[in-house]
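Data first, discussion second: the structure below is written as structure tokens.
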Amino acid sequence: IQSRWDEVASWALQRSEKLEEHLRQLKELLALLDELMQWLIGKEQNLVQLEQEPLPDDLEIIRELIVEHQGFMDSLTERQPEIDSVCKPMRPKSTAPSSRRTSKAKGPGRFSPDREGSPNKSRKSSRASPGDRATPDRRGPRFSERKGSRASVSQDGGIKNPRAKALWDKWRHVWMMAWERDRRLKDKLNYLQELEKVKNFNWEEWRKRYLKFNNNKKSRVQDFFRKLDEDGDGYCPRDEFIDGILKAKFPSSKLEMNAVADKFDHGDGMIDWREFMAALRPDWEERGPLTDTQRIDDEIKRQVAQCTCRQK
């Protein structure tokens, strides 16, 4: 009886020590949770304040803001492991896969048809297993990369602890705000860079690029503008002129095309495309209208140029 008593007392003492250790870990987790929540609230307030300020129109200042915001996002990424350490223990334990339970139930000496009875299956499994091992585990909430993080946003449904769930929601919300500001800053940078190009707009450089894009073919340019000129009066609306050239995949931008349109829009919002063609190639205007033979020849060359056959 004494030995049995000592054994039970030892078990009770071990369990008491385990419970105390677990209680200590929980207190540390809760303290970390509170600290992380206050830190995220501060980050959120910082972003809200920054978003209330209009973005400057100075290119260098925008670049500095992008570098500063990248440091802000890096500081969020550095605390990802702490967020995981707080949220993951609060999730329910996942059930072991049925295949794993089945393999354990078979035991080491049981017959396995996949290994002994069917060599074809064993070959397939051996071929597939390296790929399976190389596949990373994506189940955890990761926000270090934006593209992968959107898929992991829906993985927070397993967090049962309300305080951990609130922390996770705040973490996700702050990241969404950070991504949105990052997008706005980069869009502003692209806009200012395009604006800088338009300030130094060079019609000769643009004209050469557009002619090269159309292989210097008058018929291609004429066909394009005749589609825009529905009533055949030689004019097309300014917006259709800009959108039509951009939709044709010509490498330009809305701001640059507005600079081109300003050259031919005389205040009525219409573009005289014949004037545009004469400015592209003055010799096109001097030649006069194409003959039927020239039209046929240009159409043949245009169709041949569109052919993707190996032998033309």
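The values are calculated or read from the model by the stated rules, or taken from the named source; none is laboratory data. Since the structure is predicted, the reported quantities are computational estimates derived from the model, not experimental observations. Glycine also receives a Cβ, built like all others from the backbone with ideal geometry; neighbour counts cover every protein chain displayed. When the accessible area is computed, the model is the full protein with side chains, heavy atoms only, and any ligands, DNA or RNA have been set aside. Shrake-Rupley method; radii C 1.70, N 1.55, O 1.52, S 1.80 Å.
Numbers for the structure displayed
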read-out: Residues satisfying the stated conditions in the stretch 229-251, i.e. assigned to a loop (DSSP other than H, G, I, E, B) and either open to solvent by 50 Å² or more (accessible area, probe 1.4 Å) or modelled with pLDDT under 85 (or both); value: ASP229, GLU230, ASP231, GLY232, ASP233, GLY234, LYS249, PRO251
read-out: Unmet requirement for VAL48, which otherwise passes all of (1) surrounded by 12 or more Cβ atoms within 10 Å (Cβ to Cβ); (2) part of a helix (DSSP H, G or I); (3) modelled with pLDDT of 90 or more; value: (1)
read-out: Verdict on TRP39 being more than 34 Å from the chain's Cα centre (by Cα) and either surrounded by fewer than 10 Cβ atoms within 10 Å (Cβ to Cβ) or modelled with pLDDT of 90 or more (or both); value: no
read-out: Residue match in the stretch 149-167 (condition: in a loop (DSSP other than H, G, I, E, B) and at pLDDT 80 or above); value: yes
read-out: Any hit, the stretch 23-35, residues being in a helix (DSSP H, G or I), at pLDDT 90 or above and either under 27 Å from ASP84 (Cα atoms) or among the hydroxyl-bearing types (Ser, Thr, Tyr) (or both); value: yes
read-out: Residue check for ASN215: loosely packed, with under 13 Cβ neighbours inside 10 Å, in contact (Cβ under 8 Å) with a residue 24 or more places away in the chain and either out of contact with any His (no Cβ under 6 Å at 6 or more places or on another chain) or not in a loop (DSSP other than H, G, I, E, B) (or both); value: yes
read-out: Count - residues of the stretch 255-268 that are without any contact (Cβ under 8 Å) to a residue 24 or more places away in the chain and not small (Gly, Ala, Ser); value: 5
read-out: Residue within the stretch 103-123 that is out of contact with any His (no Cβ under 8 Å at 6 or more places or on another chain), modelled with pLDDT of 85 or more and surrounded by 13 or more Cβ atoms within 10 Å (Cβ to Cβ) present; value: no
read-out: Selection count, the stretch 263-290, where residues are open to solvent by 70 Å² or more (accessible area, probe 1.4 Å) and either at pLDDT below 65 or not small (Gly, Ala, Ser) (or both); value: 9
read-out: Subset of the stretch 218-267 [more than 35 Å from the chain's Cα centre (by Cα) and basic (Lys, Arg)]; value: LYS218, ARG220, ARG226, LYS227, LYS263
